[in-house]
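Engineer: My structure is below; once you've seen it, I'll send some questions.
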Amino acid sequence: MDFIFDYMDETVFASLLLFGLFFGMLILGIAISVAIAVSSIITGLFFMPFDVAFFVAAQKMFAGLDSFTLLAIPFFILAGNIMNTGGIAIRLVNLAKLIGGPLPGALAHTNVIANMLFGSISGSAIAAAAAVGGTMGPLQKKEGYDPAFAAAVNIASAPSGILIPPSGPLILFSLVSGGTSISALFIGGYVPGIMMGLSVMIVAGIIAKRRNFPVSERKSLPEMVRIVWQALPSLLMVVVVIGGIVIGAFTATEGAAVAVLYSFGLSLIYRLASTRQYLAVLAESMVMSASILFLIAASGIMSYVMTITGIPDAIADGLLFFSNPIVILLIMNICLLVIGFFMDLTPAVLIFTPIFLPIARELGMDPVQFGLMLIFNLGIGSMTPPVGSVLFVGCGVAGISIERVAKPLMPFFITLIIALMLITYVPALTTGLPRLLGLM
């Protein structure tokens with residue numbers, strides 16, 4: 001292939017071939033994990049002998065999955081699915097109504113708080129958008145809320161749960177980044193996750209005040225005690241799991257296993273799931289875990305091909321040319337936002353962490369801050385077209401079109417971008433708590 005390299009730099013050729021094939025296959029509707037693997041292997045064939053390329057591909061796929069910490073992801077998926085089936089959502093919604101009731105547009109605030117609570121327990125923005133949106137949508141419609149506004153609130157707040165631990169994306173980032181402390185990422189995720197929820201609540205409150213949306217009636221003291229008591233066991237799971245990880249009682253993987261046992265025991269106490277439902281939960285969790293794990297394995301090939309062809313170094317040299325850290329971080333965020341428009345969070349973390357993390361380190365940014373900035377950024381991407389998974393689920397649950405919800409989403413999008421800039425340029429927002437607890 002020397003005749004090609006006579007006219008084009010090797011790294012430029014590798015970049016065009018790798019990402020051209022990758023995005024081309026996505027346009028054709030090929031599964032993203034297959035697109036990653038195939039585009040990486042074909043690119044590798046230009047730089048390695050045929051037999052070596054396939055041997056290395058198999059080796060890197062296996063190496064990408066050879067991690068004890070990685071077991072935490074299927075365990076947290078299973079725990080979240082058990083929670084979804086075991087009647088947890090309605091208890092958390094009732095607690096959220098109690099907290100958000102006195103505010104203008106009470107049901108909108110309830111939706112946000114419920115997404116923060118349920119998303120943190122389930123570890124999935126999509127699960128939160130579906131479970132909470134399905135519960136809150138009819139209630140808001142009955143109170144006279146605009147369905148498009150209600151859907152926009154649900155969609156904009158659902159990603160907050162992937163920042164508030166336990167969080168699968170943060171575990172994934174820890175692995176891809178070479179072992180960033182999971183405890184530090186988990187504790188550091190509280191402030192950005194709460195900021196995301198509060199940003200949505202501020203916009204929702206302003207709109208609710210202008211439109212005179214109703215305030216919920218105050219509950220009596222016995223009712224308040226009953227609601228808190230019913231929700232308390234679910235919230236204690238987060239305390240047990242995160243507390244155990246932070247104090248070193250168990251690892252993230254062991255904590256995930258504890259979460260499964262805890263959620264299973266809780267669902268048995270509530271008696272809201274049958275044997276058939278438990279089997280369906282196991283099957284669904286296996287399918288979800290398999291798809292994510294294959295995606296991780298395929299990304300191992302792409303990371304290796306990018307490394308041997310010098311793509312991350314070339315991008316780093318291009319960005320560092322600007323020399324001003326403020327400008328470089330702004331460009332990095334714009335790139336990630338655009339990437340989030342077209343790619344789901346998991347593959348984006350796997351592909352672009354090895355590219356942008358070295359640049360962030362060169363600028364003096366701590367990996368914990370970068371990881372939370374990355375997940376926050378891609379969380380915003382999950383609520384935007386054309387590939388936003390949370391957007392599609394939220395619209396599907398609400399029964400309205402993406403076109404109708406696009407305009408109501410814009411104020412939330414702008415506010416979340418402001419919050420993203422604060423997280424990017426104020427390190428204390430992400431590293432303050434972990435440092436205070438001696439995790440960094």
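Engineer: Return the sequence-ordered ³J(HN,Hα) values of the stretch 424-440 in whole Hz as given by the Karplus equation 6.51 cos²θ - 1.76 cosθ + 1.60 applied to θ = phi - 60°, using x for Gly and Pro.
Structural biologist: Working through the residues one at a time gives 5, 9, 10, x, 4, 5, 10, 9, x, 5, x, 5, 4, 8, x, 8, 10 Hz.
Engineer: Taking the beta-carbon count within 10 Å as an exposure proxy, list MET383, MET196 from fewest neighbours to most.
Structural biologist: MET383, MET196
Engineer: If you stretched the chain out fully between SER401 and ILE202, how much longer would it get, using 0.36 nm times the residue separation minus the C-alpha to C-alpha distance? Each step should come with its number before you reach the end.
Structural biologist: Details: separation 199, 0.36 × 199 = 71.64 nm, distance 2.48 nm.
Once the chain is fully extended between SER401 and ILE202, it gains 69.2 nm.
Engineer: Okay, moving on. Can you check what the net charge comes to around SER124, using other residues whose Cβ is under 13 Å from the Cβ of SER124 (Lys, Arg +1; Asp, Glu -1)?
Structural biologist: Details: positive: none; negative: GLU284, ASP344.
Computed value for this residue: -2.
Engineer: Further question: FRET efficiency for CYS335 and TYR425, Cβ-Cβ distance as r, R0 = 22 Å, nearest 0.05?
Structural biologist: Computed FRET efficiency for CYS335 and TYR425 comes out at 0.85.
Engineer: From the phi of every residue in the stretch 337-343, what ³J(HN,Hα) in whole Hz does the Karplus formula 6.51 cos²θ - 1.76 cosθ + 1.60 yield, where θ is phi - 60° and glycine or proline is x?
Structural biologist: Karplus-based 3J(HN,Hα) across the stretch 337-343 equals 4, 5, 4, x, 5, 10, 9 Hz.
Engineer: Something else about it: So if each residue of separation counts as 0.36 nm, and I subtract the Cα-Cα distance between GLN277 and PHE50, what length gain in nm does that give?
Structural biologist: Stretched out fully, the GLN277 to PHE50 stretch lengthens by 77.0 nm.
Engineer: In nanometres, what is the gap between the two model label sites at ASP66 and GLU10, each 7 Å from Cα along Cα-to-Cβ?
Structural biologist: So the two model labels end up 2.6 nm from each other.
Engineer: By per-residue mean of other Cβ atoms within 10 Å, what is the highest-first order of 335-347, 283-295, 124-136?
Structural biologist: Result, highest mean Cβ count within 10 Å first: 124-136, 335-347, 283-295.
Engineer: Efficiency by 1/(1 + (r/R0)^6): what FRET value for VAL327 and PHE23, r their Cβ-Cβ distance, R0 = 22 Å, to the nearest 0.05?
Structural biologist: 0.25
Engineer: OK, next. Quick one: net charge of ILE308's neighbours, Cβ under 12 Å, K/R +1, D/E -1?
Structural biologist: -1
Engineer: Could you run the Karplus curve 6.51 cos²θ - 1.76 cosθ + 1.60 with θ = phi - 60° over the stretch 362-373 and give me ³J(HN,Hα) per residue in whole Hz, x for Gly and Pro?
Structural biologist: 4, 7, x, 7, 5, x, 5, 5, 4, x, 6, 4
Engineer: Sorting check: for 31-37, 274-280, 397-403, which peptide has the highest mean count of neighbouring beta carbons within 10 Å, and how do the rest follow? Could you put the intermediate results ahead of the total?
Structural biologist: Details: 31-37: 19.7, 274-280: 11.4, 397-403: 15.9.
Ranked from most to least packed, the peptides come out as 31-37, 397-403, 274-280.
Engineer: How high is the FRET efficiency between MET286 and ILE308 when r is their beta carbon distance and R₀ equals 41 Å, given to the nearest 0.05?
Structural biologist: Taking R0 as 41 Å, the efficiency between MET286 and ILE308 is 0.75.
No value in this document is a laboratory result; all are computed from the given coordinates. If you're wondering where the values come from, they're calculated on a predicted model, not measured in any experiment. Neighbour counts are summed over all protein chains in view; Cβ atoms, including those assigned to glycine, are modelled from backbone coordinates with ideal geometry.
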